[in-house]
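Reading through the structure tokens given below for one structure.
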Amino acid sequence: MAGQFANSLDCVDIATTWTEQRAVWGRGEQGVLQQLQDIEESLPFDIRGFDCDNGAEFLNRHLVRHFTQRSQPVLFTRSRACQKTTTPTSNRKTGPTSASGSGYERFDDPALVPLLNDLYRTEWRLFHNFFCPSVKLLEKNASAPEPRKRYDTPKTPYQRVMESDYIPRKTKIALTAQFRTLNPFVLRKAMEHKLKKIFDLCYKRTLCRQRPEPPLR
């Protein structure tokens, strides 16, 4: 964990399960803020609340000022102190998705960040928000001898947005028009092509570091 490397910033909307990811070099306050601003511009709805973990990349004056000092302030909350750093909603929704796509490699080359963001901003977000269904926890009975959980019907984030009464009709029309132009197989193929380019560059850099130096003569 020492040194600088690329991190994936994962955001998930509790109401619709809409997800957005962005790559950030290191965990600097300014870099995280810039990518959060980019995520806001990509969302099909306005942010009403922002809940984060207890990392210093989120709990700083830059983000507090960004969310609270605007014409319509955003409620800024955080996880419980001295608890896990990952929020359960984000970890449950985006954790497996990010790992299955980008894996657990250490991306310690700054050149990988724009490549990751090119993937996240285009095919990645379209594929997972328009075509990948997920379930939401409706009820959990922890007092029973065998704890039981009840989930709703699997739906894509796009479907949940379309069913929401809080999303303007104009936005729904635009999303429907966009959905009709998408092909999940084409998106998946493009994702695999970009991921291969990212991993090839990552492995090439790793091999260069591990290659022994020629003996001195």
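The values are calculated or read from the model by the stated rules, or taken from the named source; none is laboratory data. Everything numeric here is computed off the predicted structure, so don't read it as measured data. So basically every Cβ, Gly included, is an ideal-geometry build from the backbone, and we count neighbours across all protein chains shown. Areas reflect the complete protein model, heavy atoms only, side chains present, ligands, DNA and RNA absent. Shrake-Rupley method; radii C 1.70, N 1.55, O 1.52, S 1.80 Å.
Counting alpha carbon pairs within less than 8 Å and at least 6 residues apart, what relative contact order, in whole percent, applies to the range 124-188? Intermediate values should be presented prior to the final figure.
Working: 60 pairs, mean separation 22.1, N = 65.
Relative contact order for the range 124-188 comes out at 34 percent.
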Inter-part distance where the range 166-191 and the range 1-40 are each reduced to a Cα centre, Å
23 Å
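Expressed in nm to one decimal, what extension gain is obtained for the pair LEU75 and GLU105 from 0.36 nm per residue of sequence separation less their Cα-Cα distance? It would help to have the intermediate numbers written out before the result.
Details: separation 30, 0.36 × 30 = 10.80 nm, distance 3.42 nm.
Length gained, LEU75 through GLU105: 7.4 nm.
Can you work out the FRET efficiency for the pair THR176 and ASN54, with r the C-beta to C-beta distance and R0 = 41 Å, to the nearest 0.05? Walk me through the numbers on the way to the answer.
Values: r = 39 Å, r/R0 = 0.95.
The computed FRET efficiency comes out at 0.55.
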By the Cα gyration tensor axes a ≥ b ≥ c (a/c under 1.5 gives rounded; else a/b larger than b/c gives prolate, otherwise oblate), the shape of the range 149-193 is oblate
FRET efficiency for THR122 and HIS62 from the Cβ-Cβ distance with R0 = 25 Å, rounded to 0.05, comes out at 0.40
Heavy atoms only, probe 1.4 Å: what % of the accessible area of the range 101-158 goes to carbon and sulfur, would you let me know?
53 percent
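In nm, what is the difference between 0.36 nm times the number of residues separating GLU40 and VAL186 and their Cα-Cα distance? Walk me through the numbers on the way to the answer.
Numbers: separation 146, 0.36 × 146 = 52.56 nm, distance 2.60 nm.
Stretched fully, the GLU40-VAL186 segment lengthens by 50.0 nm.
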